[in-house]
Each structure stands twice: as C-alpha cells, then as structure tokens.
1. I'd like the FRET efficiency for D161 and K52, computed as 1/(1 + (r/R0)^6) with the beta carbon distance as r and R0 of 35 Å, rounded to 0.05.
2. What value, in deg cm²/dmol to 500, does the helix sum -39500 (n - 2.57) over DSSP H runs of n ≥ 4 give at 222 nm once divided by the residues of the chain?
3. Leaving out same-chain residues fewer than 8 places away, which aspartates and glutamates sit with a Cα under 20 Å from that of K91?
4. Expressed as a rounded percentage, what relative contact order does the range 59-176 have, with Cα pairs under 8 Å and six or more residues apart?
5. Any lysines with Cα under 29 Å of the K56 Cα? List them, leaving off those in the same chain fewer than 8 positions away.
6. Restricting to DSSP loop positions (anything but H, G, I, E, B) with no more than 10 other Cβ atoms inside 10 Å of their own Cβ, which GluC sites (Glu not before Pro) remain in the range 107-160?
7. Would you list which lysines come within 29 Å of K92, measuring only between C-alpha atoms, while excluding same-chain residues fewer than 8 positions from it?
8. With r defined as the distance between the Cβ atoms of A5 and F44 and R0 fixed at 35 Å, what FRET efficiency is calculated, to the nearest 0.05?
Amino acid sequence: MIALASLTDTADKIVTNFGVDWPMFIAQSVNFTLVALAIWFFAFKKILSTIKEREKQIADSLKNADRIKLELEETQLKQKETLNEASLEAKKTVNKAQEQAKSLLEAQKEEARLEAEAIIAKAKSAMELERQNVLKDAREEIASLVVLATSKVLDRELNDDERKRFTQQAENYVQQQ
C-alpha cells in the first residue's frame, strides 16, 4: 500500500513539475490521430498500391522476357531440326543421284550430278532464307518488347526517336548474341 501511495505521489510530482494540461493533451492526441488517419487514407495507401502495381508490372515483364527466351530457344531448335531434315533429304537425293549415275552412260552421269548440285543449292538457299526470316522475326519481337518494357518501366509513352533508338539497340544486342 505504501508503494502504491509512493508511486501515485511520484506521478503527481511529474505532472506538477512538467505542467501536463490534460485537456490540451487529449486535444493534441485527437488531432494527431486525425492527421495520421488522413495521411494514411489519402497518401500512404495510394503510394503502397502504386508500388504494388509497379512490382506486378515488373514481374509480368520478367515473365514475358522468360517466355520470349523460351520461344526463341524453341525456334532455334526447330530451325536446327529443319536444317537437319533438309540436310538428310539432300544427302538422300545425292545418294540416289549417284546410284543412278553409276548405272547410266557417261553423259547421263554428268546430268545427274548437275541435278543433285541444283537440289542442294535450292535446299541451302531455302534453309538460309528460313533462318533469316526466323532471326528477323525474333529481332522484331525482342525490339518491340524492349520498347514496351521500357515504356512500362518509365511509366510514360515513348516518342518516335526514343522508340527508334531502343529498337536499334535491341537489334544490335540480338545480333551480337
């Protein structure tokens, strides 16, 4: 009991020495609470939602970049398969032409060789054209994604000069790889 009285006495001395004005203290506490709530609802909440949206956009951009990378790898695998198939087909055609050439006279032998070379040239030309088309499509897709991701990250629309510059840089990067 004595300890409680001593504690109460000490609290009264602190209030008296520091001059705590209870009505003013309560009014300031209410004002502080109102200001804190106003800041929370009108500013801080919007800032947090904007940060979350940007994090989501960045995550989506990274997912798209990974997806495009996988698609590019798949395209390269398909290109290799096409090249292998065309090479096998060309080899089969050459072997067939060589077998026919052995059984024919010297004149027919020369004709078959020329025909086989023409087929190989066409196959190589077709493979090169397909490879160039695939690379061109990949470069254009990557360049457009770079421009899109840049405009999303910068959170503004890019002008024509910026689009051209980012597209050119993306194409240069893809060519170096």
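None of the figures in this text is laboratory data; all of them are computed from the coordinates on show. Treat the numbers as computed from the prediction; the structure is a model and nothing was measured. Methodologically, a virtual Cβ is constructed for each residue, glycine included, from the backbone with ideal geometry; neighbour enumeration extends over all protein chains shown.
1. That gives a FRET efficiency of 0.60.
2. So the calculated ellipticity at 222 nm is -33000 deg cm²/dmol.
3. Result set, ordered by chain and number: E81, E99, E110, E111, E115, E117, E128, E130.
4. 23 percent
5. Correct list for K56: K45, K46, K69, K152, K164.
6. Within the range 107-160, the qualifying GluC sites (Glu not before Pro) (loop, at most 10 other Cβ atoms within 10 Å) are E157.
7. The reachable lysines, counting only those whose Cα sits under 29 Å from K92, are K78, K80, K102, K109, K122, K124.
8. Result of the calculation: an efficiency of 0.15.
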